[in-house]
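Visitor: Sharing a structure, written as C-alpha cells. Questions coming.
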Amino acid sequence: MKFSRTILTLRNFSLSSLFFLILAFSAKAQLPNLGQTDSWMKGAVAAMERSDYETANNIFRNLIDSGLPLPEEMPYYFAETLFQLNQYDNSANFLNKYLEITGFTGENYEGARELKLRLQDPLKAIQVCQLCDRRGYRYKSCFTCEGQKEIEQDCDYCKAKGVVGCSRCAGSGMITRVNVFNIVEYFECERCSANGRLTCPVCQGSKKEVSACRTCSGSGQLSSDQICDHEPHEHKIMGLLRLNNGNAH
C-alpha cells in the first residue's frame, strides 16, 4: 500500500473521537484481534524503524478511523511518531493515554518514560510562545480583518436593520394605562412617536459598526495547521538575506 507523504495532524480531533478512542482501548480485551489491525501495526512500526514517520502517521490514522480494536501498545508508538513530526501536544496526549491504560506493565514503559522527559522542553516552549496557540500551531493573520482586530461590519445590535424595537412600548407604538375607574386607556408612545421603532443607538441607522472582528474575536489572528518553530518569520528572512549576501561575495 502506498501512503501519502502529507502530514496528517490531529489538531481537529474531536472530543467524541477521543471518547471513541478510549472505548476502543477498553474494548481490546473483549474483542478479537483482527488480522488487519496486526498488519497495520506492523507496517507502522516498520515505517518508524526506517524513520518514515509521515507514513507511520498515516497508518496510525487509518487504524483509528477504521473503528477496529486498537492494540494496547499503539498509543506509545503513535506518541513517538507525533513527537518526531514535532506535534508535541498531540504526542503528550497519546503518551498520557498509554501510561493511563498500561501503568507500569506496558511493554514500552521505559520508552514512554524517556519520551515524557523529551517532551518537557518542547511543551514548555509552546506554553511561553506568543506566536502559536497552546497546542503549538502557529498563528496566522485573520483573513477578515487582516490583523487589524477591528473592522467595519454589519451592526450586531440591530442585526444590520438600522432600527430597533422600542422597549417602552414593546414595539407596539402604544402604551396602556389603567385609570382610577380601572379602565384601560391607550396612549401613543412618546418615546418612539408611536412608530414602535427607534434608530439604532449603536450604528445611528447606518447599519454598520466598527467593532471587534467576529472572525478572530478581536485578536487579529487565527490558529493555522503550521507547526510553530517559535521564531519570528522576519528574523528568518533577514538571516537568509545575510546568507545570500555573504555568498554573493
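Visitor: How many residues are without any contact (Cβ under 8 Å) to a residue 24 or more places away in the chain and either among the acidic types (Asp, Glu) or within 22 Å of Thr105 (Cα to Cα) (or both) when one looks only at segment 60-77? First the steps, then the outcome.
Guide: Start the filter on segment 60-77 by keeping residues that are without any contact (Cβ under 8 Å) to a residue 24 or more places away in the chain, which leaves 60, 62, 65.
Next, only the ones that are either among the acidic types (Asp, Glu) or within 22 Å of Thr105 (Cα to Cα) (or both) stay: 65.
Within segment 60-77, residues that are without any contact (Cβ under 8 Å) to a residue 24 or more places away in the chain and either among the acidic types (Asp, Glu) or within 22 Å of Thr105 (Cα to Cα) (or both) number 1.
Visitor: Out of (1) modelled with pLDDT of 95 or more; (2) assigned to a helix (DSSP H, G or I); (3) closer than 26 Å to Arg135 by Cβ, the odd one out for Ser51 is which?
Guide: (2)
Visitor: Follow-up question, since we're still on this one. Specify which of the listed residues (Asn62, Asn57, Asn86, Asn93) is on the phi > 0 side of the Ramachandran plot and within 22 Å of the chain's Cα centre (by Cα). Working first, answer last.
Guide: Working: Asn62 fails: on the phi > 0 side of the Ramachandran plot; Asn57 fails: on the phi > 0 side of the Ramachandran plot; Asn93 fails: on the phi > 0 side of the Ramachandran plot.
Selected residue: Asn86, the only one of Asn62, Asn57, Asn86, Asn93 that is on the phi > 0 side of the Ramachandran plot and within 22 Å of the chain's Cα centre (by Cα).
Visitor: While we're looking at this one, here's another question. Tell me which of these Val184 doesn't satisfy, since it passes every other one: (1) touching a Lys or Arg at 6+ places or on another chain (Cβ under 8 Å); (2) modelled with pLDDT of 90 or more; (3) surrounded by fewer than 17 Cβ atoms within 10 Å (Cβ to Cβ).
Guide: All conditions pass for Val184, except number (2).
Visitor: Listed residues Cys145, Cys192, Cys155, Cys129; which is over 44 Å from the mean Cα position of the chain (by Cα) and crowded, with 17+ Cβ neighbours inside 10 Å? It would help to see each step written out before you state the result.
Guide: Numbers: Cys145 fails: over 44 Å from the mean Cα position of the chain (by Cα); Cys155 fails: over 44 Å from the mean Cα position of the chain (by Cα); Cys129 fails: over 44 Å from the mean Cα position of the chain (by Cα).
Result of the check over Cys145, Cys192, Cys155, Cys129: Cys192.
The values are calculated or read from the model by the stated rules, or taken from the named source; none is laboratory data. As the structure is a prediction and not an experimental result, all values here were calculated from the model. Every residue, glycine among them, receives a Cβ derived from its backbone with ideal geometry; neighbour counts consider all protein chains shown.
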